Amino acid sequence: MNEAKMNELTQAEDMAYFRADLCCYSPESYSLEEKKEICNDMISTSKAVLDAMREDFEQLPPTPVSSFWTCSAPPASNRPSGGGMCSWATETRSTASSSP
């Protein structure tokens, strides 16, 4: 998916959630039908973004996709300080399991 299409989808999602925020701020200003439409817009725009991300992810070659799941470490020159997300998740799990 190209960047312009993804921007369009995320802007539509942002607008749907903005409308929902306005509705929560002043619910008496909206009819039940308008509230239903706002909820449906939130669901449909979020689904469109998720589907687009899933489609892009599925188009990746097998090696990078498998490295997402195995949590393999990047080359030393590309590693973030602190070990990255994998070490954070491991530390969090070990800390949580040792708590009373």
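None of the figures in this text is laboratory data; all of them are computed from the coordinates on show. What you see is a predicted model; the values in this text were computed from it and never measured. Cβ placement follows ideal geometry from the backbone for every residue including glycine, while neighbour counts extend to all protein chains displayed.
Between Cys39 and Arg54, what is 0.36 nm times their sequence separation minus the Cα-Cα distance? Round to one decimal in nm.
Here the answer is 3.2 nm.
How large is the dipole of segment 1-59 about the Cα centre if only Lys and Arg carry +1 and Asp and Glu carry -1, each at its Cβ, rounded to the nearest 20 debye?
On the way: 6 positive and 14 negative charges, 27 e Å.
Once rounded to the nearest 20, the dipole reads 140 debye.
Could you give each residue of segment 34-44 its phi-based ³J(HN,Hα) in whole Hz, using Karplus coefficients 6.51, -1.76, 1.60 with θ = phi - 60°, and x for Gly or Pro?
5, 5, 4, 4, 4, 4, 5, 5, 4, 5, 5
Bins of 10 Å, beginning at zero and ending with the bin holding the largest distance: percent of Cα pairs per bin for segment 1-60, please.
Calculated over all Cα pairs of segment 1-60, the distribution is 24, 42, 23, 11, 1 percent.
Within 10 Å of each residue's Cβ, count the other Cβ atoms and sort Glu37, Glu58, Glu13 from fewest upward. Can you show the working numbers first?
Values: Glu37 15, Glu58 8, Glu13 19.
Lowest to highest Cβ neighbour count: Glu58, Glu37, Glu13.
With 10 angstrom as the radius, rank Thr10, Thr63 by how many other C-beta atoms surround their C-beta, starting from the fewest.
Taking fewest neighbouring Cβ atoms as first place, the list is Thr63, Thr10.
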